[in-house]
Amino acid sequence: MIVGILALQGAFIEHVNILKNLNINSILVKNKEDLENINALIIPGGESTSIGKLLDVFHMKSSLEKKISQGLPVWGTCAGMILLAKKISNDERIHMPLIDITVVRNGYGRQLGSFCIYEKIKGINKPFPMVFIRAPYIEQVGKNVEVLAIVNGKIVAAKQNNILVTSFHPELTDDLRMHQYFLTMIQ
Amino acid sequence: MENRYDLNKNLAQMLKGGVIMDVTNEEQAKIAEQAGACAVMALERVPADIRRDGGIARMSDPQMIKKIQKAVSIPVMAKVRIGHFVEAQILEAIEIDFIDESEVLTPADHLYHIDKTKFKAPFVCGARNIGEALRRIGEGASMIRTKGEAGTGDVVEAVKHMRTMTSQIRKIVGMGEEELMNISKELGAPYDLIQYVHKTGKLPVVNFAAGGIATPADAALMMQLGCDGVFVGSGIFKSGNPQKRAEAIVKAVTHYNEPSILAQLSEDLGEAMNGISVQSLSEDMKLSKRGW
């Protein structure tokens, strides 16, 4: 099994390192061709406008959208969540509207609003260290979306079929459980 | 369990593989964001103009910074003078995402840098070598950048600073543990951070390139030398076609290792900024000498 990590901009090496700890092979996905050789994809944290722009200019968006619609397991962390959201309540830029959620960008404000907290995630035993960096949160979910975590009344993790999204960054911790959870979504 | 310093280092990690662009107004900020910049540096004059105008260069007008914060959704950084902790307090009060304690502005203290541990906002600082980098990290910087020679469009100093750091890191990694205290003394760097470098072979924070980057090739050069991302100051908005050049530099940082893509995006960019060779500068004109 090979997990692709979208490597256009952002914290992609952190995901590679966690997967290495789990003995999972990964490749950096930088162009369309790389998408052909992967069984799943992680869209990392970074700047969503930056990654979205690069998806566009390197002509990867439509192939990627198609792959995900056809069932490629995908996990978006932070910026990745924004890139996969059907709606963004405070931005007209929609990137790949694949998961039926409405997201608020920079939902906790600027960097001074960044925080870390231990909270429960459905399907994972014991609280998980959640690192929020200028993070988005989910304001609304469609009826086919399963809510996985709520922190202070805001949805911060959700899943719809093959698509997983988290507002926080498990790749910035040494906790492997969220990555293990994602691996169970891959056939 | 909140650890502000970790969160601040984490934000720097999110900027990796990206380009941070100097902008002087909302229009430029929007151009930068649309071109794919991962953050912008808000300042009143780009380094090339500061160099030309002379005089004292200070923190920018908070009102101007606030306008840029409103205009874009990406992180906004701004510069303070070396040692000017009140300018830093002011930037923190307007919720800046990153403070650059910068040699590009006129230093306010000839001995001490800001005690960055006193702040919630993250700091980035310039460095010419590993000693300087580790001193800044010891003071609480969450991110390092090469100093290069800002406002020249000449990449030679940035290359020198990055190569110096890499070679010093290799040396420290190869040392015996009994040698670490002495090298710590020689470099003027905190012992615990020397130990960290010895053990891991890297800096404990993200390291960007800055100072003199003017073309996609310059940006890719710095990435191939091992930088995590790139600051472009005067290089974009002092060029013939800022929009196109900005976008090309963003793409070059993503595909820094693919010459055929670099060739394509280096085509027809219009005029690069009209630079000054660092060699022609007298020693007292070099901004990179500021910082202690």
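Annotations for the structure displayed:
- Looking across the stretch B:1-50, the residues that are within 14 Å of another protein chain (Cβ to nearest Cβ), among the charged types (D, E, K, R) and touching a helix residue (DSSP H, G or I) at 6+ places or on another chain (Cβ under 7 Å) come down to B:Lys30, B:Glu33.
- Candidate set from the stretch B:49-72 (those that are in a loop (DSSP other than H, G, I, E, B) and not basic (Lys, Arg)); member that is most open to solvent (accessible area, probe 1.4 Å): B:Ile56
- First in the stretch A:1-26 and more than 14 Å from chain B (Cβ to nearest Cβ), second anywhere and open to solvent by less than 60 Å² (accessible area, probe 1.4 Å) and part of a loop (DSSP other than H, G, I, E, B), Cβ under 7 Å, 6 or more apart: A:Met1/A:Ile24; A:Met1/A:Ile186; A:Ile2/A:Ile38; A:Val3/A:Ile24; A:Val3/A:Ile38; A:Gly4/A:Ile38; A:Asn21/A:Leu176; A:Leu22/A:Leu176
- The stretch A:71-107 - residue that is in a helix (DSSP H, G or I) and away from chain B (no Cβ under 11 Å) and, of those, surrounded by the fewest Cβ atoms within 10 Å (Cβ to Cβ): A:Leu84
- Residue check for A:Ile27: at pLDDT 95 or above and surrounded by fewer than 24 Cβ atoms within 10 Å (Cβ to Cβ): yes
- Taken together, the residues in the stretch B:267-279 that are touching a Ser or Thr at 6+ places or on another chain (Cβ under 7 Å) and under 17 Å from B:Ala35 (Cβ atoms) amount to 3.
- Test result for B:Thr152, among the hydroxyl-bearing types (Ser, Thr, Tyr) and in a helix (DSSP H, G or I): no
- Within the stretch B:78-121, the set of residues being more than 14 Å from B:Met59 (Cα to Cα), within 14 Å of chain A (Cβ to nearest Cβ) and more than 18 Å from the chain's Cα centre (by Cα) comprises B:Glu95, B:Phe119, B:Lys120.
- Residue list for the stretch B:246-284, restricted to those being part of a helix (DSSP H, G or I) and either more than 14 Å from chain A (Cβ to nearest Cβ) or open to solvent by 60 Å² or more (accessible area, probe 1.4 Å) (or both): B:Pro259, B:Ser260, B:Ala263, B:Gln264, B:Val278, B:Gln279, B:Ser280, B:Glu283, B:Asp284
- Residue in the stretch B:97-108 that is part of a helix (DSSP H, G or I) and more than 18 Å from A:Arg110 (Cβ to Cβ) present: no
The values are calculated or read from the model by the stated rules, or taken from the named source; none is laboratory data. The model shown is predicted, which means the values in this text are computed figures rather than measured ones. As a convention, Cβ positions derive from the backbone with ideal geometry for all residues, glycine included, and neighbour counts pool all protein chains shown. SASA here: full protein model, heavy atoms, side chains in, ligands and nucleic acids out. Shrake-Rupley method; radii C 1.70, N 1.55, O 1.52, S 1.80 Å.
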